[in-house]
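**Q** Take this structure, written in structure tokens, and hold onto it; I'll ask about it next.
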Ligand SMILES: C[S@@+](CC[C@H](N)C(=O)[O-])C[C@H]1O[C@@H](n2cnc3c(N)ncnc32)[C@H](O)[C@@H]1O
């Protein structure tokens, strides 16, 4: 029987654009019944109603955006009303709440304010303003049995803090989200990383977008150092990857860590999974060119999670197909090194969508990044395919002028080889005019501009120092002297 309960969800203000989409994916994956009670979803605090506490705990067991979840006792934007509601709630629900107030239940009250700083004294005053709480247990700041949180939200704009808080809330801590995994899977301590390894937080968010469940078969066709396999395996998926780069697949590429000169012998994607206790989820990684699929038509994946090459820190290449081979150029006993040619983003995304339409299970998801120049963005230009629906699309800014979007597609109908491709990948200027070329042309220009601007700032600073009668120091010679001193 449903026992609807209200909760405060407290989110990290990081990758905010991914929050709603992750929430919706997890709700769908677990089939949760939930009602949103606050409107502005960009706020770090939401009030929601879950069908029951177990439902709420299921959500928290997977969310990366969630910091913590509290059972709501009172919520208002006016202090007197807030206190009245808190009193009423405790009286009305005394039978279920009594256990938290008992003499043997140690407790702690945390005061959390957003967008406004309060001193320790002011925080204590806020706690003292709730002296009507019928608490009987002892305070335990280190390891309390019950943790209550008093929260004030003072808007999102640090330059226009409102006169009164927008939300005042009180609740009991029920669960933390899964943000501890961000540190646990951090690239800093990972056995094998490459230049383009995806950070742990985004990898975990991607696996949530893909709704990876225990026992799923997950594929990354541009696997690199396998970061996306790590997060999928952490959620229980069996993982499989492919990459055109032999050196990368075998972890023999140049080390990415500044302190490392040569790769350790035991670095590998498999070793990464072993490091995180999911070696049993490793299927394999193979050297394969995505533009020439090697996969049996019968193979189907629960999800495809990938970060294709953008051509900035890795090559975008495909194996050249020779239309006509001259009889005298090859013999069976000759070693063959296939030549490669440029793999444009446009054809890569076309191939990716067709591959997903063919090889995803029905309702399976494709989660992939699409880089673009910020000025080009228009939702109409996103790649489409008739067997896939785009269900989520969140942006991450990369540089001043570039960004990438995490696209989540769901397979909605079966692929038919006889049906013509009705989608599109041609409307995107970024795709038709290469992202890479424009990235470097823009970057070159702005680097030059930056150099000139910095030189002007330095010149101006020297003039001002002279005017103040100071002797301008030459930063370079100072550094050189410091370095010399280290060896004396
Ligand atoms: C952005 S990186 C992927 C990084 C990866 N997510 C990780 O965490 O290390 C893109 C990868 O695609 C690979 N690649 C480029 N062209 C390819 C092709 N035609 N087929 C398969 N892989 C390709 C590159 O070698 C590179 O490792």
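Rule-based calculations on the coordinates, nothing more; no lab input. Just so you know, these numbers come straight off a predicted model, no measurement behind them. Please note: Cβ atoms are built from the backbone with ideal geometry, for glycine as well, and neighbour counts cover all protein chains shown.
**Q** Please state the Cα pair-distance histogram of the range 53-175 with 10 angstrom bins from zero: what percent is in each bin?
**A** 12, 40, 37, 11, 0
**Q** Next question. What whole-number volume per residue, in cubic angstrom, does the convex hull of the C-alpha atoms of the range 1-63 give? Mind dumping the intermediate values first?
**A** Working: hull volume 4.7 nm³, N = 63.
Convex hull volume per residue, Cα atoms: 74 Å³.
**Q** Label point 7 Å out from residue 250 along Cα-to-Cβ: which residues of the range 282-298 have amide N under 19 Å?
**A** 284-290
**Q** What is the spread of the Cα atoms of the range 192-305 along each of their three principal axes, largest first, in whole Å?
**A** Extents along the principal axes, in whole Å: 41, 30, 23.
**Q** Could you pull out which residues in the range 169-190 have an amide N less than 12 Å from a spot 7 Å beyond the Cα of residue 57, following the Cα-Cβ vector?
**A** It comes to 174-176, nothing else.
**Q** Set the Förster radius R0 to 41 Å, insert the Cβ-Cβ distance between residue 139 and residue 16 as r into 1/(1 + (r/R0)^6), and round the FRET efficiency to 0.05.
**A** On the way: r = 35 Å, r/R0 = 0.85.
That pair, residue 139 with residue 16, gives E of 0.75.
**Q** While we're looking at this one, here's another question. Between residue 35 and residue 413, take the C-beta separation as r, use R0 = 22 Å, and let me know the FRET efficiency to the nearest 0.05.
**A** 0.10
**Q** Could you tell me the center-to-center distance, by alpha carbons, between the range 446-468 and the range 83-133 in angstrom?
**A** 55
**Q** Taking 2.2 N^0.38 Å as the expected size of a compact globular protein, what ratio does the Cα radius of gyration of the range 135-256 give against it, to two decimals?
**A** 1.56
**Q** Right, here's the next one. Compute the relative contact order of the chain as a whole-number percentage, counting only Cα pairs closer than 8 Å that sit 6 or more residues apart in sequence.
**A** Taking the mean separation of contacting Cα pairs over the length of the chain, I get 11 percent.
**Q** The chain: percent of C-alpha pairs farther apart than 38 Å?
**A** 43
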